[in-house]
Amino acid sequence: MSYPYQIKSFQEYKEAWEKSVNDPESFWGEIAEHFIWRKKWDKVLEWNFKEPSIKWFQGAKLNITENCLDRHLKTIADQPAIIWEPNDPHEHHRTLSYKQLHFKVCQFAQVLKNNGVTKGDRVCIYMGMIPELAIAVLACARIGAIHSVIFGGFSAQSIADRLQDAKAEYIITCDGAFRGGKDIPLKSVIDDALVVCPFVKRTIVYTRTRTPVSMIKGRDVWWEDEIYKVETMGNPAVAAEEMDAEDMLFILYTSGSTGKPKGVVHTVAGYMIYTNYSFVNVLQYRPREVHFCTADIGWITGHSYILYGPLSAGATSLMFEGIPTWPDAGRFWDIVDKHKVNILYTAPTAIRSLMSYGLAPLENKKLDSLRVLGTVGEPINEEAWHWYDEHIGKKKCPIVDTWWQTETGGMLISNMAGVTPAKPTFATLPLPGVQPVLVDENGNEIEGNGVSGNLCIKAPWPGILRTTYGDHERCRKTYFSTYPDLYFTGDGCLRDEDGFYRITGRVDDVLNVSGHRIGTAEVENAINMHAGVVESAVVGYPHEIKGQGIYAYVIYSGKHHEDELIRKDITATVSRIIGPIAKPDKIQFVSGLPKTRSGKIMRRILRKIAEGEMEKLGDTTTLLDPAVVDDISKGKL
Ligand code: WTA
């Protein structure tokens, strides 16, 4: 494949950005010409941020899998689409060429049809990082079913909440998943979730770990048996369903500042074009290169840059089942050497974690295939940036720091590898089509350079979310009402003297723990479920490896056990309600929480205490009970 829209110089970037802002319709219309359509659009863009109503490529008909699979059969059928590296380095890796992936997606699409799944149905996918996860996702897209992938670290309760919200009647899962030395019993977690989701009609279970599972008659079937049935049907090639440009492609749940996760909705055409465009330009992919994005497909990064972006570009995408530190902290580097990885796209938390092992795990690792490095998910600190640059990229690989969100579908602010300037810890400049603005608390735009404020975006790009599933008003309120006519990101941001952007972190009550988004309200709700807990408040604090750690202040009434045991019980409760990813790192028992006279918890004070900045607590005289602050400070963990 060639990418006529791949930007090759800083000058070209500036011209593209200008054009994208002055004439977005012809800018994106020309790019869209390089995709496969059943019918072309009547209008490139129609939008307002008031409702919001955002429509890209209205009237067009297409199927994203024809763009990700079928179109490559004529040109690169035998090229690897997915290279899969298992958790255990002793197990063989698998390679699926475009032809093979196409075949398997069609086969599983037929399985879905045989099991009653039709266009518009919501299908929940809860699997480990195995090729069948990619196949399941693409098979849904092929028949027009809306996939909702749930990360393997979420609990039964979280799954049940999501199934109910999406009214998903179909589930695709595995017996279990391997992650490092652990074997996670996925099907058993699903079984627990289904106790409160009687509307689920079918669960399709793939065998990965051979963990014993209970299969319920009439509801649960084996993936392998269903494939066998399709084989005996002679493997009919499943035609791709014709979709409208604005039909839903998927729902992905993400945390916000309220207790309930939101189902972010992306639609077919805009998402496809934006993930492809950003992949090709930011990472500067070259045909036949091996691209390794280390994210899990349970998060947006995996959706956009393991699957849809790379596959629509005919790239070779490496998918890894395991974790960076098992069996040892050289695992990523072994994979890079083994598969001659050219592009490595990972999270700062992984870099910091690997840094902490020193340089020994890098001994005898060549890493000479690497050409481009990338980071995503959280601000990267200077030290980690330089370590990545020196020890992994050997100072020869440009590093792209890509800022974006589940809601944005793809990267919005980032340098382009080797094409636009990089600056450590800065995401730098907006992609073409993206108009960032900084605003103050009153919503006034802050102009000029050397300023900071809340980051908003002025106009839609093709990958922007369209709604939150089942609750459009929530979408409007969360993203489009804080500042009229702007999309509000929830992030704080600095624009330096050169006009480069640096994202400084969330300004709402959302934590970023190891690159995972977690709402403080969600964690508080979970802690408050514990029988002895009266009230709690959760804040983030700087954590050397995770970026942010979870600090919980808890008022506890029961006195039956010693503190350590109660802490364990509370942690177990959070694990049970949300999942192990939301476990607090620190739990401090307090007698009261700092509240204003109207009863609002002053989180600012709690954050400062958790950060150990006691001298910066500010004015506490307006509190209902100022003495409580002293008590809390003294008891800091
Ligand atoms: C943060 C992940 C600084 C940010 C793709 C954002 C970043 C949230 C960066 C979205 C970056 C992501 N620099 N911060 N390069 N990338 N973030 O939805 O706070 O899981 O709002 O999407 O991660 O997290 P999400």
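The values are calculated or read from the model by the stated rules, or taken from the named source; none is laboratory data. These numbers were taken from a predicted model, which means no experiment stands behind them. Cβ sites come from the backbone with ideal geometry, for glycine too, and all protein chains shown count toward neighbours. The accessibility values were calculated without ligands, DNA or RNA, using every heavy atom of the protein model including side chains. Shrake-Rupley method; radii C 1.70, N 1.55, O 1.52, S 1.80 Å.
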Mind checking which lysines have their Cα closer than 16 Å to the Cα of residue 61? Skip sequence neighbours fewer than 8 apart in that chain. 39, 40, 43, 119
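Within 10 Å, count the other beta carbons around each residue, average over each peptide in 287-298, 431-442, and list them highest first. Spell out each step's value before the answer.
Working: 287-298: 21.1, 431-442: 18.7.
In decreasing order of mean packing, 287-298, 431-442 become 287-298, 431-442.
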Could you work out the relative contact order of the chain, using alpha carbon pairs under 8 angstrom and six or more residues apart, expressed as a whole percent? 12 percent
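State the Kirkwood hydrodynamic radius of the chain in Å, one decimal place, computed from all pairs of distinct Cα atoms.
Values: mean 1/r = 0.0394 Å⁻¹.
About 25.4 Å, per the Kirkwood formula over Cα pairs.
Which net charge results when you count Lys and Arg as +1 and Asp and Glu as -1 among the other residues whose beta-carbon is under 13 Å from that of residue 539? Kindly include the intermediate steps, with their values, before the conclusion.
Details: positive: 506, 586, 603, 604, 607, 608, 636; negative: 508, 509, 524, 585, 611, 613.
Net charge around residue 539: +1.
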For segment 518-634, give me the percentage of DSSP beta bridges that are antiparallel, rounded to the nearest 5 percent. 75 percent
Any idea how far the Cα center of segment 422-471 sits from the one of segment 240-312, in Å? 19 Å
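Could you work out the relative contact order of segment 461-521, using alpha carbon pairs under 8 angstrom and six or more residues apart, expressed as a whole percent?
Values: 50 pairs, mean separation 10.1, N = 61.
RCO, segment 461-521: 16 percent.
Averaging sequence separations of C-alpha pairs under 8 Å and six or more residues apart, then dividing by the length of segment 518-634, give the relative contact order as a whole percent.
Working: 168 pairs, mean separation 27.9, N = 117.
Rounded, it is 24 percent for segment 518-634.
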Could you report the accessible area of residue 451 in Å², rounded to 10, computed with a 1.4 Å probe on the protein chains as they sit in the structure? 30 Å²
Once the in-chain neighbours fewer than 8 apart are removed, the lysines whose Cα is under 22 Å from residue 396 read 8, 338, 340, 365, 366, 423
Compute the accessible area per residue over the chain, keeping the other protein chains in place, probe 1.4 Å, unit Å². 38 Å²
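What shape does segment 88-203 take by its C-alpha gyration tensor, where a ≥ b ≥ c are the square roots of the eigenvalues and a/c under 1.5 counts as rounded, a/b above b/c as prolate, and the rest as oblate?
Details: a/c = 2.41, a/b = 1.10, b/c = 2.19.
Oblate.
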Rounded Å value of the spacing that divides the Cα centres of segment 90-132 and segment 595-610: 48 Å
Could you work out how far the C-alpha centroid of segment 46-84 sits from that of segment 397-411, in angstrom? 19 Å
At a 1.4 Å probe, what is the % contribution of carbon and sulfur to the accessible area of the chain? 51 percent
For a test of the definition: using alpha carbon positions, the gyration tensor, and the 1.5 limit on a/c, classify segment 154-277 as rounded, prolate or oblate. oblate
Given 168-176, 510-518, 93-101, the highest-first ranking by average Cβ count within 10 Å works out to 168-176, 510-518, 93-101
Name the long-range amide H neighbours of residue 243: under 5 Å, sequence gap of 5 or more, or other chain; modelled H, no Pro or chain starts. 62, 63
Output wanted: per-residue J couplings in Hz (rounded whole) for segment 78-90, from phi through Karplus 6.51 cos²θ - 1.76 cosθ + 1.60, θ = phi - 60°, x for Gly and Pro. 9, 6, x, 8, 10, 10, 10, 10, x, 4, 8, x, 7
Ordered by residue, what ³J(HN,Hα) values in Hz, to whole numbers, does segment 588-603 give under the Karplus form 6.51 cos²θ - 1.76 cosθ + 1.60, where θ = phi - 60° and Gly and Pro are x? 10, 7, 10, 8, x, 10, x, 10, 6, 5, 8, x, 7, 6, 8, 5
